[in-house]
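These notes are about the structure you will find just below.
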Amino acid sequence: MPVQASRRPSSPGSAAPSGRVAAAIPVQARPSRGGPGGRPPGGGDGGRVGGGGSAKKRTKRKDPLWARLTVVFGAVLMLTSGAAVVGTKVMIGQATGDIAQRNLLGGAGKSDAEGGASLDGPIDMLLLGVDARERWAADDVRSDSIIILHIPATHDQAYLISIPRDTEAHIPSRPKSGWSGGNGKINAAFEVGARNGGGWEGGAQLMAETIQRLTDVSFDGAAIINFGGFKNVIDTLGTVKICVSHEVKSKHMSFVDGKPMWNADAKKTGKKMTPVLHKKGCQEMEGWAALDYSRQRYGLPGGDYDRQQNQQQLIKAMARKATDGGMLTKPAKLQQLVKTAGKALVLDTGGVPIENFIFTMRGVTANELTMLKTNNGTFNGNGNGNEALSEETLAMFRAVKQDKLAEFVFTHPEVISTRK
């Protein structure tokens with residue numbers, strides 16, 4: 001395992017990059033009427049363990065993608081065209097100063113030998129989606145959305161790669177969590193690391209280290225995104241355009257008197273429940289609907305693989321709406337979006353000030369976000385009821401490690417997602 005880079009901040013209580021004190025880790029408050037802002041109760045075990053050379057630079061276009069990606073990170077910035085940043089690094093720092101920062105990578109951060117002390121090379125980010133509500137303890141949160149964002153050294157392209165939640169992986173030992181180490185479903189790593197006071201930080205660290213062992217990819221940074229907060233970001237944007245590939249009935253939500261509610265809360269009303277149905281075709285979705293659709297896996301032909309692509313599609317749709325809708329050119333709206341997004345995530349930029357981290361990605365241009373599939377988009381069983389990464393997928397991660405992903409995708413076009 002690579003040696004931890006010296007630029008990485010220490011664990012809880014340490015000063016955040018740029019000398020700021022790390023803010024408290026946010027937990028999405030539970031909606032008072034059981035609305036679609038948090039995780040529905042009674043959600044199963046969630047995969048618990050233990051019971052408890054790059055392509056040439058492209059011609060620059062307007063509305064750089066790096067600005068779009070900051071919607072996901074919560075550090076949304078306004079660009080006019082090309083690489084013309086509105087404001088200086090100081091202004092960027094001020095706009096993102098309230099975002100909670102923690103050491104989310106532990107030993108999975110890039111070492112100095114891997115370029116960990118510099119953002120001149122390729123940038124690899126780990127994005128983890130969690131469900132959290134106020135009544136949930138910080139050490140009882142699962143991560144079912146695991147996405148790697150890869151930006152090559154040319155800084156003119158970006159790729160999203162999802163890791164299947166049921167992938168069997170070796171989860172390193174965590175004495176504090178009562179875990180001696182062993183194999184399990186990869187999505188369980190977060191819950192194990194969060195036990196006994198580890199919280200979101202401990203969960204993310206163990207997940208990052210598990211992924212590094214599995215793929216040999218080390219990271220420049222990470223973000224934990226609260227799905228409930230994600231809904232609020234979409235609501236701030238207004239709606240997002242989602243193209244539904246397969247009609248699917250929601251397993252989580254129903255309409256009661258025309259209002260969407262979590263099933264558990266809907267049952268308490270004693271009134272007629274009509275399941276939410278996501279119909280095939282392109283449509284504008286409100287936050288609750290877009291988030292609910294991105295969570296579905298039962299009833300879809302590809303199961304979790306369809307869900308992975310739908311989650312990637314949602315990220316891209318949010319990014320597109322932020323730019324095409326003019327959100328990034330309206331100061332008041334921009335401030336509101338930054339504030340809302342900042343409540344939805346915890347960020348780790350590897351000790352690099354957020355403004356430097358984001359400024360480095362300013363050359364990534366519009367529409368250069370490519371969504372990739374693992375295991376050719378189908379379940380790849382390993383005989384134990386879990387999954388294994390296919391040889392092609394492992395080769396794709398080696399290409400990420402070597403910063404040759406563009407070449408890999410060119411010779412393996414089947415890994416590109418068909419979602420719009």
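The values are calculated or read from the model by the stated rules, or taken from the named source; none is laboratory data. Predicted model only: the values in this text are computed from it and were never measured. Positions of Cβ are backbone-derived with ideal geometry, glycine not excepted, and every protein chain shown enters the neighbour counts. With ligands, DNA and RNA removed, areas are computed over all heavy atoms of the protein, side chains included. Shrake-Rupley method; radii C 1.70, N 1.55, O 1.52, S 1.80 Å.
Tell me, yes or no, whether region 381-398 has at least one residue that is touching a strand residue (DSSP E or B) at 6+ places or on another chain (Cβ under 7 Å), at positive phi, modelled with pLDDT under 90 and not β-branched (V, I, T).
Scanning region 381-398 turns up no residue that is touching a strand residue (DSSP E or B) at 6+ places or on another chain (Cβ under 7 Å), at positive phi, modelled with pLDDT under 90 and not β-branched (V, I, T).
Being modelled with pLDDT of 80 or more, open to solvent by 10 Å² or more (accessible area, probe 1.4 Å) and not aromatic (F, W, Y) is the requirement here; does D124 meet it? Walk me through it before giving the result.
Working: modelled with pLDDT of 80 or more: yes; open to solvent by 10 Å² or more (accessible area, probe 1.4 Å): no; not aromatic (F, W, Y): yes.
Against the criterion (modelled with pLDDT of 80 or more, open to solvent by 10 Å² or more (accessible area, probe 1.4 Å) and not aromatic (F, W, Y)), D124 does not qualify.
Give A222, A208 a once-over and let me know the one that is under 18 Å from the mean Cα position of the chain (by Cα), modelled with pLDDT of 95 or more and crowded, with 21+ Cβ neighbours inside 10 Å. Give the steps one after another, and end with the answer.
Working: A222 fails: modelled with pLDDT of 95 or more.
From the options A222, A208, the qualifying one is A208.
Would you check which residues across region 256-267 are surrounded by 17 or more Cβ atoms within 10 Å (Cβ to Cβ) and hydrophobic (A, V, I, L, M, F, W, C) and list them? Walk me through how you get there before you give the answer.
Within region 256-267, the first condition is being surrounded by 17 or more Cβ atoms within 10 Å (Cβ to Cβ), and the residues that meet it are 256, 260-263, 265-266.
Listed by number, the residues that qualify are V256, M261, W262, A266.
Would you check if T239 is open to solvent by 10 Å² or more (accessible area, probe 1.4 Å) and β-branched (V, I, T)? Working first, answer last.
On the way: open to solvent by 10 Å² or more (accessible area, probe 1.4 Å): yes; β-branched (V, I, T): yes.
So T239 passes the test.
I'm trying to understand the selection: among the residues of region 163-195, which are hydrophobic (A, V, I, L, M, F, W, C), open to solvent by less than 10 Å² (accessible area, probe 1.4 Å) and not in a helix (DSSP H, G or I)?
I163, A169, I171, I186
I need the full set of residues from region 278-298 which are closer than 11 Å to V244 by Cα and either among the β-branched types (V, I, T) or surrounded by fewer than 20 Cβ atoms within 10 Å (Cβ to Cβ) (or both), in order please.
Within region 278-298, the first condition is being closer than 11 Å to V244 by Cα, and the residues that meet it are 278-285, 290, 293-294.
K279, K280, G281, C282, Q283, E284 - these are the residues of region 278-298 that are closer than 11 Å to V244 by Cα and either among the β-branched types (V, I, T) or surrounded by fewer than 20 Cβ atoms within 10 Å (Cβ to Cβ) (or both).
Within the set of pairs 6 or more residues apart or between chains, which connect a residue that is among the aromatic types (F, W, Y) inside region 143-165 to a residue that is part of a strand (DSSP E or B) with Cβ atoms less than 7 Å apart?
Taking only residues 6 or more apart or on different chains, the pairs are Y159/H150; Y159/T370; Y159/L372.
Select from region 96-121 the residues that are modelled with pLDDT under 80, in a loop (DSSP other than H, G, I, E, B) and either closer than 23 Å to G342 by Cβ or touching an Asp or Glu at 6+ places or on another chain (Cβ under 7 Å) (or both) and list them in ascending order.
Those that are modelled with pLDDT under 80, in a loop (DSSP other than H, G, I, E, B) and either closer than 23 Å to G342 by Cβ or touching an Asp or Glu at 6+ places or on another chain (Cβ under 7 Å) (or both): T96, G97, D98, I99.
Tell me, which residue of region 251-299 that is small (G, A, S) and in contact with a Pro (Cβ under 6 Å, 6 or more places away or on another chain) is farthest from G377 (Cα to Cα)? Let's see the steps before the verdict.
From region 251-299, those small (G, A, S) are 254, 258, 264, 266, 270, 281, 287, 289-290, 294, 299; that's our starting set.
Applying the additional criterion that residues be in contact with a Pro (Cβ under 6 Å, 6 or more places away or on another chain) yields 254, 264.
On the way: S254: 29, A264: 32 Å.
Checked region 251-299; the qualifying residue farthest from G377 (Cα to Cα) is A264.
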